[in-house]
Amino acid sequence: MTPFLAASALLLAITLGYIALCAASPFGNCRKCNGLGFALTTDRKGKPKRGKPCRRCKGHGIRIRVGRHLFNIAARLHRDGTR
């Protein structure tokens, strides 16, 4: 197999894997709060305590994946264009 075909097959496998991941699990953990929904702070004794709700995910701890977001935009564009 030539290097070009191997690279193309690898890129296709990664793309199809990401599409399957977005279809099976459209939401992932928030990157700012690591899926907790709030920021961890420490009290004066050094023990972790719950902080303010995360502004990025609004305290839910999840975010929509980029691939799923693009799919939703394309589906909405198609739906609005065929009405």
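Anything in segment 1-35 that is closer than 30 Å to G51 by Cα and surrounded by 12 or more Cβ atoms within 10 Å (Cβ to Cβ)? List them, or say none.
First pass over segment 1-35, keeping only residues closer than 30 Å to G51 by Cα: 25-35.
Within segment 1-35, P26, F27, G28, N29, C30, K32, C33, N34, G35 qualify.
For the chain, please list each of the strands (runs of 3 or more DSSP E) lying entirely inside it that holds at least 1 residues being among the small types (G, A, S).
Values: elements: 27-29, 38-42, 48-53, 62-64.
Strands (runs of 3 or more DSSP E) meeting the threshold: 27-29, 38-42, 48-53.
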Would you confirm whether or not segment 6-23 contains a residue that is over 24 Å from R68 (Cα atoms), at pLDDT below 90 and more than 15 Å from the chain's Cα centre (by Cα)?
no
Show the residue pairs that are 6+ apart or on different chains and have beta-carbon atoms under 7 Å apart, the first residue being within segment 48-72 and of a type in the set (A, V, I, L, M), the second being part of a helix (DSSP H, G or I) and open to solvent by less than 80 Å² (accessible area, probe 1.4 Å).
none
Out of G51, G46, sole residue that is modelled with pLDDT under 95, small (G, A, S), on the phi > 0 side of the Ramachandran plot and open to solvent by less than 60 Å² (accessible area, probe 1.4 Å):
G46
Could you tell me how many of the residues in segment 56-74 are under 12 Å from C22 (Cβ atoms) and of a type outside the set (G, A, S)?
8
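The values are calculated or read from the model by the stated rules, or taken from the named source; none is laboratory data. Being a predicted model, the structure only gives us computed values, none of them experimental. Positions of Cβ are backbone-derived with ideal geometry, glycine not excepted, and every protein chain shown enters the neighbour counts. Just the protein is used for accessible areas: all its heavy atoms, side chains included, with ligands, DNA and RNA removed. Shrake-Rupley method; radii C 1.70, N 1.55, O 1.52, S 1.80 Å.
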